[in-house]
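Scroll down for the structure; my scribbles are underneath it.
The values are calculated or read from the model by the stated rules, or taken from the named source; none is laboratory data. Values in this document were obtained by computation on a predicted structure and should not be read as measured data. These area figures cover heavy atoms from the full protein model, side chains too; ligands, DNA and RNA do not enter into them. Shrake-Rupley method; radii C 1.70, N 1.55, O 1.52, S 1.80 Å.
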Amino acid sequence: MDNPLTRAEHEEFRRTVEAEFGALSAENVRQNHRIEKLESVTDQINKLAMSVQELAQSVKAMSETQAKEDDRLQALEARDGQKWRSALKIIGTAVAGAAVGAFFAWLGLA
């Protein structure tokens, strides 16, 4: 060792290193706090994403159910219309049969 350090130089170096270590320790604490906040926010975002996914599945199922209900409603509405048309056919046939019978009776064929 050609150029040894004096005690004062060593103490100055030690104080500088301790100051830098203190600053780094404070920075680590601050960074750890930020990381904890980010982890919390990430967890909340994941929960929200899962909730949105469940909601989308629920809406899809509801949409499919509604489509089935619409089909059933249209079938029921069509059935009522078919019954009405059938009743009108029967009434029309009866009126036409009565008219034809009356006509043949008028002709004296019946």
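So Val100 passes all but one of these: (1) part of a helix (DSSP H, G or I); (2) open to solvent by 100 Å² or more (accessible area, probe 1.4 Å). Which condition number does it fail?
(2)
Check segment 13-29 and report whether any residue there is open to solvent by less than 100 Å² (accessible area, probe 1.4 Å), polar (S, T, N, Q) and within 50 Å of the chain's Cα centre (by Cα).
Yes: one or more hits.
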